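The next block holds one structure in the form of structure tokens; read it before the comments.
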Amino acid sequence: MENEVKTASDKVFVDIRQAIVEGEIAQGSKISEPELSKKHQVSRATLREALNRLESCHLIERKANVGCRVISLTPEKLDEIYQVRSALEGLACRLAATNMTDDEINQVKALLDDHLSTQRVRQGESYYQEEGDLDFHYRIIKGSKNSHLINLLCNELYQLVRMYRVQMGMNGPRVSKAFDEHLAIINAIAARDGELAELLMKRHIAASGSNIERKFQ
């Protein structure tokens with residue numbers, strides 16, 4: 001996420017991406033190039049460059065004779081993406097238990113302290129995490145020190161996963177439990193128990209996916 005905004009195309013990409021992930025631009029809605037060009041005060045060519053990047057993040061899709069649309073969140077897509085997420089983030093935890101430094105682990109613990117300091121988390125209402133280094137999962141993936149995992153999880157799939165988490169998975173009865181699960185995962189990593197850390201992360205993601213799936217019903 002660092003230093004993402006360097007050009008006009010970067011800025012419009014980041015702005016539209018955030019609007020899609022957080023639901024300001026509704027899932028399934030048609031993308032109007034003239035409207036977005038006017039709103040963001042960029043040329044159509046600059047906008048199309050940003051849209052190409054959004055497509056590579058799996059946030060929009062192009063269909064013949066239809067144009068661009070924001071993806072729709074579905075139980076079927078949720079199941080597929082969370083299967084991949086469970087396997088890869090579980091592996092990231094196992095690697096992080098070996099590769100994270102003590103200082104990096106302490107930074108993640110401090111991040112969780114910051115999360116708990118927010119009233120909505122303490123009261124079990126909502127567990128909203130900013131993206132990038134303020135996101136527990138992002139920090140653990142980075143801690144794996146595996147460039148291929150980082151590219152898959154922090155670049156290619158990150159915003160799609162985040163869209164499910166932000167719009168459907170960051171509030172409700174699982175808030176306190178999700179925080180406790182994060183704490184157990186980082187404690188396993190701190191103990192250098194990669195097998196336990198992997199198991200806990202897989203259980204955590206499975207519970208998160210089940211929580212979101214219930215909201216489709």
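The values are calculated or read from the model by the stated rules, or taken from the named source; none is laboratory data. All values reported here derive from a predicted model rather than from experimental measurement. Every residue, glycine as well, gets a Cβ built from its backbone with ideal geometry; the counts of neighbours run over all protein chains shown.
Yes/no per residue for (1) more than 16 Å from the chain's Cα centre (by Cα); (2) under 30 Å from residue 145 (Cα atoms); (3) surrounded by 12 or more Cβ atoms within 10 Å (Cβ to Cβ):
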position: 46; (1), (2), (3): yes, no, yes
position: 52; (1), (2), (3): yes, yes, yes
position: 56; (1), (2), (3): no, yes, no
position: 73; (1), (2), (3): no, no, yes
position: 89; (1), (2), (3): no, yes, yes
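Can you tell me which residue is nearest to residue 130 (Cα to Cα) among those in region 161-190 that are without any contact (Cβ under 8 Å) to a residue 60 or more places away in the chain and small (Gly, Ala, Ser)?
Let us first name the residues in region 161-190 that are without any contact (Cβ under 8 Å) to a residue 60 or more places away in the chain, namely 165, 169-178, 180-181, 184, 187.
Filter once more, so that each one left must be small (Gly, Ala, Ser): 169, 172, 176, 178, 184.
Details: 169: 14, 172: 18, 176: 17, 178: 16, 184: 21 Å.
The residue in question is 169.
Criterion first (more than 24 Å from residue 169 (Cα to Cα) and either assigned to a helix (DSSP H, G or I) or at pLDDT below 95 (or both)) does residue 133 satisfy it? Even if it seems obvious, please write down each step before you answer.
Values: more than 24 Å from residue 169 (Cα to Cα): no; either assigned to a helix (DSSP H, G or I) or at pLDDT below 95 (or both): yes.
It is false that residue 133 is more than 24 Å from residue 169 (Cα to Cα) and either assigned to a helix (DSSP H, G or I) or at pLDDT below 95 (or both).
Is it true that residue 28 is within 17 Å of residue 131 (Cα to Cα) and part of a loop (DSSP other than H, G, I, E, B)?
Details: within 17 Å of residue 131 (Cα to Cα): no; part of a loop (DSSP other than H, G, I, E, B): yes.
For residue 28, the condition - within 17 Å of residue 131 (Cα to Cα) and part of a loop (DSSP other than H, G, I, E, B) - is not met.
Of the residues in region 172-212, how many are buried (at least 16 other Cβ atoms within 10 Å of the Cβ) and under 26 Å from residue 28 (Cα atoms)?
Of the residues in that region, 6 qualify.
Please determine whether any residue of region 111-128 is closer than 24 Å to residue 156 by Cα, crowded, with 20+ Cβ neighbours inside 10 Å and touching a residue at least 60 places away in the same chain (Cβ under 8 Å).
Scanning region 111-128, I find no residue that is closer than 24 Å to residue 156 by Cα, crowded, with 20+ Cβ neighbours inside 10 Å and touching a residue at least 60 places away in the same chain (Cβ under 8 Å), so the answer is no.
Say whether the condition of being out of contact with any strand residue (DSSP E or B) (no Cβ under 7 Å at 6 or more places or on another chain), in contact (Cβ under 8 Å) with a residue 40 or more places away in the chain and charged (D, E, K, R) is met by at least one residue in region 47-66.
Yes.
With respect to residue 90, determine if the residue is assigned to a helix (DSSP H, G or I) and of a type outside the set (A, V, I, L, M).
Numbers: assigned to a helix (DSSP H, G or I): yes; of a type outside the set (A, V, I, L, M): yes.
Against the criterion (assigned to a helix (DSSP H, G or I) and of a type outside the set (A, V, I, L, M)), residue 90 qualifies.
Among the residues of region 146-160, is any β-branched (Val, Ile, Thr), touching a residue at least 40 places away in the same chain (Cβ under 8 Å) and assigned to a helix (DSSP H, G or I)? I'd like the intermediate steps shown before the answer.
Looking only at region 146-160, we keep the residues that are β-branched (Val, Ile, Thr), and these are 150.
Cutting the leftovers down to touching a residue at least 40 places away in the same chain (Cβ under 8 Å) gives us none.
No: region 146-160 contains no residue that is β-branched (Val, Ile, Thr), touching a residue at least 40 places away in the same chain (Cβ under 8 Å) and assigned to a helix (DSSP H, G or I).
Answer yes or no as to whether residue 79 is without any contact (Cβ under 8 Å) to a residue 24 or more places away in the chain, assigned to a helix (DSSP H, G or I) and in the same structural domain as residue 141 (by TED's automatic domain parsing). Spell out how you get there, then give the answer.
Values: without any contact (Cβ under 8 Å) to a residue 24 or more places away in the chain: no; assigned to a helix (DSSP H, G or I): yes; in the same structural domain as residue 141 (by TED's automatic domain parsing): yes.
When the stated conditions are applied, residue 79 does not pass them.
Can you pull out every residue in region 2-44 that is on the phi > 0 side of the Ramachandran plot and within 24 Å of the chain's Cα centre (by Cα)?
The first filter runs over region 2-44 and keeps only residues on the phi > 0 side of the Ramachandran plot, leaving 3, 23, 28, 41.
Within region 2-44, 3, 23, 28 qualify.
Quick grid of which residues meet (1) basic (Lys, Arg); (2) over 18 Å from residue 163 (Cβ atoms); (3) not in a helix (DSSP H, G or I):
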residue: 9; (1), (2), (3): no, yes, no
residue: 13; (1), (2), (3): no, no, no
residue: 24; (1), (2), (3): no, no, yes
residue: 55; (1), (2), (3): no, no, no
residue: 65; (1), (2), (3): no, yes, yes
residue: 69; (1), (2), (3): yes, no, yes
residue: 86; (1), (2), (3): no, no, no
residue: 105; (1), (2), (3): no, yes, no
residue: 112; (1), (2), (3): no, yes, no
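Within region 35-46, is even one residue polar (S, T, N, Q) and in a helix (DSSP H, G or I)? Reasoning before the result, please.
So the first thing to find is which residues in region 35-46 are polar (S, T, N, Q), and the list is 37, 41, 43, 46.
Next cut, in a helix (DSSP H, G or I) only: 37, 46.
Looking for residues that are polar (S, T, N, Q) and in a helix (DSSP H, G or I), one finds at least one in region 35-46, hence yes.
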